[in-house]
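Engineer: This is the structure I want to talk about, given as structure tokens.
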Amino acid sequence: MLNLGAGIGVLALLWMTASLGAASATNDVRIRIVAANLTSGRDQSYSPDNGNHSNPEGAGARILKGLQPDVVLIQEFNCTQSLSQWISQTLGPGYQYYREEGAGIPNGIISRHTIAEAGEWDDETQGNRDFVWARIRLPNGSDLWAISVHLKAGNSEGIRRFQAVALIRFIRDRIPAEDYVVLGGDLNTSSRREACVEVLSQTFRTTGEPPGDQRGDDGTNASRRKPYDWLLADAELHPRMVPVQLGGDRFESGLVFDTRSFRPLSAVAPAQLGDSGVPNMQHMAVVKDFVIPATRPEGKPAPVRKPTPGRRD
């Protein structure tokens, strides 16, 4: 278990038992990042109770298994089993995670690579979740800052703008400008021109061709009509983006993954045809790949901060 300092309490930053594998500090690292609000069922869970408590696998878990991410920016991070067990069954041994404490629909971050530190930034507009962040140490020595968010739903564009302003302030105050940063999750945006997107463009690349599916459809909500879900890279990380290659296709700007339209499904086993359309599956996954070099501009040391206490299984 990683100790990030006194007062860490019940931090939900879990070290699992298998080796992460060694890599030379001179190697580039290819990394797949997925934004995932993929709960389903009556209780909006990643492992809805299907009567098999030893392996309550849900559609969201099957989708993540098939996509094989290195980092997941996950929302509504609730399971009917322990998180460590669910992550091991879904993604394999060796992954670490952070999930915020005391939230009804918590945000979280799951990583194949070492989570050096993690915590929460207060979202003062919401009572059931905050903004979750993690500094991930890649095998080549580079740091990647990951931020998992779930903005206000509905006809609340002003609140989403306020949340985006808070996020930019946190990033500027607490992350070195030279470091790689990715922000992703459920922004609940009705269009790609919302005010919150304009605010986030101060730090992240928000323009250009958006991720899409094999038909070019970039909608990510259940009806595929609105761009609810995003993966945004900052000025340091965006130039490192490479096409997602999956099922024999190349997705130059990233992939919106929908089991109902993706072919061949055998490329993303064990995902099933109807998984993206099961009851209460309200979002599609968004996938982007990056190649991050070991050499990078020298920046200020990352600030040492104690994370907000989280939950440990």
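Engineer: Among the residues of segment 198-214, what is the count of those that are touching a Leu at 6+ places or on another chain (Cβ under 7 Å), in a loop (DSSP other than H, G, I, E, B) and under 16 Å from A235 (Cβ atoms)?
Structural biologist: Adding up the residues that qualify gives 2.
Engineer: I need the full set of residues from segment 224-241 which are over 18 Å from the mean Cα position of the chain (by Cα) and either modelled with pLDDT under 95 or within 19 Å of A285 (Cα to Cα) (or both), in order please.
Structural biologist: Within segment 224-241, R224, R225, K226 qualify.
Engineer: Which condition number does A166 fail, the rest of (1) out of contact with any strand residue (DSSP E or B) (no Cβ under 8 Å at 6 or more places or on another chain); (2) among the hydrophobic types (A, V, I, L, M, F, W, C); (3) under 26 Å from E117 (Cα atoms) being met?
Structural biologist: Against the list (1) out of contact with any strand residue (DSSP E or B) (no Cβ under 8 Å at 6 or more places or on another chain); (2) among the hydrophobic types (A, V, I, L, M, F, W, C); (3) under 26 Å from E117 (Cα atoms), A166 comes up short only on (1).
Engineer: Restricted to segment 244-288, and to residues that are charged (D, E, K, R) and part of a loop (DSSP other than H, G, I, E, B), which residue is surrounded by the most Cβ atoms within 10 Å (Cβ to Cβ)?
Structural biologist: Out of the qualifying residues, it is D258.
Engineer: Something else now. Using the structure shown, decide if V278 is at pLDDT 95 or above, closer than 26 Å to S47 by Cα and in contact with a Gly (Cβ under 8 Å, 6 or more places away or on another chain).
Structural biologist: So V278 fails the test.
Engineer: Name the pairs: first residue in segment 258-286 and within 27 Å of A153 (Cα to Cα), second residue of a type in the set (K, R), Cβ to Cβ under 6 Å, at least 6 apart or on different chains?
Structural biologist: D275/R62; S276/R260; G277/R260
Engineer: Given the structure, is S142 hydroxyl-bearing (S, T, Y) and more than 20 Å from V34 (Cα to Cα)?
Structural biologist: Taking the combined requirement at face value, the residue does not satisfy it.
Engineer: Restricting attention to segment 215-243, which residues are part of a strand (DSSP E or B) and among the acidic types (D, E)?
Structural biologist: Listed by number, the residues that qualify are D229, D234.
Engineer: Scanning segment 26-39 for residues that are more than 17 Å from the chain's Cα centre (by Cα) and surrounded by 12 or more Cβ atoms within 10 Å (Cβ to Cβ), which turns out modelled with the lowest pLDDT?
Structural biologist: The extreme case among them is N27.
Engineer: Among the residues of segment 159-197, write down those that are out of contact with any Cys (no Cβ under 6 Å at 6 or more places or on another chain), in a helix (DSSP H, G or I) and not aliphatic (A, V, I, L, M).
Structural biologist: F162, Q163, R169, F170, R172, D173, R174, C196
Engineer: Please identify the pairs in which a residue from segment 163-189 that is more than 20 Å from I109 (Cα to Cα) has its Cβ atom under 9 Å from the Cβ atom of a residue that is part of a helix (DSSP H, G or I), counting only partners at least 6 apart or on another chain.
Structural biologist: Going by the 9 Å Cβ cut-off, the qualifying pairs are V165/C196; V165/V199; T189/E157; T189/R160; T189/C196; T189/V197.
Engineer: Let me ask another. Restricting to segment 68-93, name every residue that is in contact with an Asp or Glu (Cβ under 9 Å, 6 or more places away or on another chain) and assigned to a strand (DSSP E or B).
Structural biologist: none
Engineer: Also: Using the structure shown, decide if S223 is exposed (fewer than 15 other Cβ atoms within 10 Å of the Cβ) and among the polar types (S, T, N, Q).
Structural biologist: It is true that S223 is exposed (fewer than 15 other Cβ atoms within 10 Å of the Cβ) and among the polar types (S, T, N, Q).
The values are calculated or read from the model by the stated rules, or taken from the named source; none is laboratory data. What you see is a predicted model; the values in this text were computed from it and never measured. As a convention, Cβ positions derive from the backbone with ideal geometry for all residues, glycine included, and neighbour counts pool all protein chains shown.
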